[in-house]
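Notes for the one structure printed next.
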Amino acid sequence: MEKIFTRIANSVARATGRPVTFIGCGLLVVVWALTGPVFHYSDTWQLIINTGTTIVTFLMVFLIQNTQNRDSAAVQAKLDELLRVSTGENSFIGIEHLSETEVNEFRSRCERAAREHDRLTSSALAPAAE
């Protein structure tokens with residue numbers, strides 16, 4: 001079931017992200033608007049576009065979230081592998097599972113280390129006083 005949903009979500013995400021899909025939806029709205037006088041701008045005429053857009057929006061939220069979750073997990077796995085095989089700290093692997101407070105502590109630690117590195121690098125590169 002998960003593989004089928006993933007395949008459908010990927011297909012829908014690819015299709016909805018194309019310019020031709022946007023143009024098609026735009027044309028659909030134009031046709032709907034042009035039929036207003038024919039239907040005397042009735043409640044049913046308005047209900048058609050309102051219901052259609054609500055249903056599409058509702059379903060797209062879940063498809064977009066699913067795609068975003070998978071993309072994020074894939075990027076995270078790639079970053080974890082780069083950390084694992086590099087001279088970076090392995091302690092950073094998996095920090096996406098920590099609380100926001102714990103992630104902010106890691107961020108602060110990185111910022112302090114970067115400032116210290118910059119300070120040491122700039123003082124080492126500064127010309128000696130004559």
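The sole residue among Val38, Val31 that is part of a helix (DSSP H, G or I) and exposed (fewer than 10 other Cβ atoms within 10 Å of the Cβ) is Val31. The residues of the range 73-130 that are polar (S, T, N, Q) and either assigned to a loop (DSSP other than H, G, I, E, B) or modelled with pLDDT under 85 (or both), listed by number, are Ser86, Thr87, Asn90, Ser91, Ser99, Thr121, Ser122, Ser123. Can you name every residue in the range 61-89 that is of a type outside the set (Gly, Ala, Ser) and within 14 Å of Asn10 (Cβ to Cβ)? Within the range 61-89, Phe62, Leu63, Ile64, Gln65, Asn66, Thr67, Gln68, Asn69, Arg70, Asp71 qualify.
Among the residues of the range 51-72, those that are loosely packed, with under 11 Cβ neighbours inside 10 Å and not polar (S, T, N, Q) comprise Ile55, Phe58, Val61.
The values are calculated or read from the model by the stated rules, or taken from the named source; none is laboratory data. Since we're looking at a predicted model, the values are computed, not measured. As a convention, Cβ positions derive from the backbone with ideal geometry for all residues, glycine included, and neighbour counts pool all protein chains shown.
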